[in-house]
Every structure is written in C-alpha cells, then in structure tokens.
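Throughout, read-outs are computed from the coordinates displayed, never taken from laboratory work. The structure presented is a predicted model; accordingly, all values stated were derived computationally and were not measured. Here the Cβ positions follow ideal geometry from the backbone for every residue, glycine too, while neighbour counts run over all protein chains shown.
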Amino acid sequence: MFSTRTSLLAPVAILLILSGPARAADEDVTRQTVELKKGDRVIFFGDSLTALAVKDRQVPTGKGYVPLVREALKDKGVEVDAVATGGHKVTDLLKRVDRDVIARKPTVVVIQIGVNDAGASVTPEQFKEQLEELIDKLQKGGAQVIQCSCTCRREGYDPRDTLDKKLDALADVARTIAKEKKLPLVDLRQAFIDYWKKNNPDNKPKGFLTYDGNHWTEAGHQYVAEQMLKKLK
C-alpha cells in the first residue's frame, strides 16, 4: 500500500522523467551538424581571422583553415570560400552581406566574428541585436547559418581580466543566439580555453594557437579547421 507522501510524489517523478528528454534536446540543439550535399556552397564570413585563413605570410599557403576545410570536403562536391576583411565587426558584415554574400547564393554561411567587437567595447546587448539582424538576413536569403563564438586578443585565459570578460560576454551572446535560433554552434572560445588549459598553463600571451596573441598560426588554423569540420558533414 502506498503512503500519501508516495502517491503525491509519483506525478512529480513522472513529470521529471517526461521532461528529461525535452531538456536534453534543448541543451543539445547547438550540437547539431549540417549535412552537406553535392553542389552546396559554404561561405565563411568574418574578419581578419578568416581573411588570413586565405592568405597570410605567417602561414604556409594552403594551411589556413578555409583551404583545409575545402580540401577535407572536396570529395563531396562542395564549394568552400570566404568573405572577410581585417578589422570588421558585425556592423561591417551587415553593410556588405547583401552584395558580397547573399548575392552569391550560399547554402551555408559560417559567421566568424566578435574579437574586434569586444575590442571596440560593443555591449552584449548591441552585439546580440546586430548579430540577430545579420542571421535573419542570411536566413531570408536562403542560407543555413552556423554561428561561431569569438576567440582571443592574446592567448591564455584569466576570467578576472577586463578583455577576457568582454570576450566571454560576447561568446555567451553567440551561444544564446545559437540556442534561441536553433543554430549549430562552433564554440571557438571554449575550444581555445580548453586548449590553453592543457597546453599553456602559464598563460603565455602568444606562440600556441596564435603568432601575435590574436591571429592564428598553422597549428591554430588546423585546430580551427577541426572545430569547423565537426559541424560540416
């Protein structure tokens, strides 16, 4: 015979069991991947980190993350390209998105942005509003969007540091938008922090994934390409 307390708890237990899968699905939404097909056109849209993935005198030709991704996907018959300019923020991407990206009819656009926004003290609220506008434009233009979080202005990580706080705040915005809009997320910020914890315990400012604290080395591009390819199947 069940006690009154047990009978009262039973419906609660049932609700918890039923809501468990829903919560898990909600938490995992940003982990989804994009299934590519022959003829798809992927554009990486960003700032100098993507521009220098195409050509950088500090990195051997073909070793930037964009050509690495292109090479990895070549057997799928997928076109991979980049639209990017050094110093750009989301506001700059908004100015050029129609002309330089949507006009090329991409099926997938990967947004890599945020470091310059953090350096310019763009607030999380401003960043969210601007990024949502950009994503809406791309989706209305027919593209599936993959969102990236920002990386760094110098290597190593100190959660008390002013710049790290700004980068963390904008990375959180990217994560929130990805979850709200049900977008695949390439969490480069967390991937870099995980790498530094293992390989840069002394928080040296450069020489691991970057050559100047910001722009990626050959190893950095390889690491970024690996993160991108987790979402492009």
Just checking, does the range 196-211 include any residue being in contact with a Cys (Cβ under 9 Å, 6 or more places away or on another chain), of a type in the set (A, V, I, L, M, F, W, C) and in a loop (DSSP other than H, G, I, E, B)?
yes
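Quick grid of which residues meet (1) farther than 16 Å from Cys148 by Cα; (2) in contact with a helix residue (DSSP H, G or I) (Cβ under 8 Å, 6 or more places away or on another chain):
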{"residue": "Lys105", "(1), (2)": "yes, no"}
{"residue": "Val108", "(1), (2)": "no, no"}
{"residue": "Val115", "(1), (2)": "no, yes"}
{"residue": "Thr123", "(1), (2)": "yes, no"}
Residue that is surrounded by the fewest Cβ atoms within 10 Å (Cβ to Cβ), among those in the range 190-219 that are under 21 Å from Asn116 (Cα atoms) and without any contact (Cβ under 8 Å) to a residue 40 or more places away in the chain
Asp212
Only residues that are surrounded by fewer than 20 Cβ atoms within 10 Å (Cβ to Cβ) and either touching a strand residue (DSSP E or B) at 6+ places or on another chain (Cβ under 8 Å) or within 22 Å of Asp56 (Cβ to Cβ) (or both): list them for the range 98-108, please.
Asp100, Arg104, Lys105, Thr107
What number of residues within the range 41-80 satisfy the criterion of being among the charged types (D, E, K, R), surrounded by 16 or more Cβ atoms within 10 Å (Cβ to Cβ) and closer than 19 Å to Asn214 by Cα?
3
Out of curiosity, is Lys37 within 18 Å of Gln222 (Cβ to Cβ) and either in contact with a Ser or Thr (Cβ under 8 Å, 6 or more places away or on another chain) or not acidic (Asp, Glu) (or both)?
no
Given the condition assigned to a helix (DSSP H, G or I), touching a residue at least 24 places away in the same chain (Cβ under 8 Å), surrounded by 14 or more Cβ atoms within 10 Å (Cβ to Cβ) and aromatic (Phe, Trp, Tyr), answer yes or no: does some residue in the range 140-160 qualify?
no
In this structure, is Asp172 part of a helix (DSSP H, G or I), in contact (Cβ under 8 Å) with a residue 24 or more places away in the chain, surrounded by fewer than 18 Cβ atoms within 10 Å (Cβ to Cβ) and within 17 Å of the chain's Cα centre (by Cα)?
yes
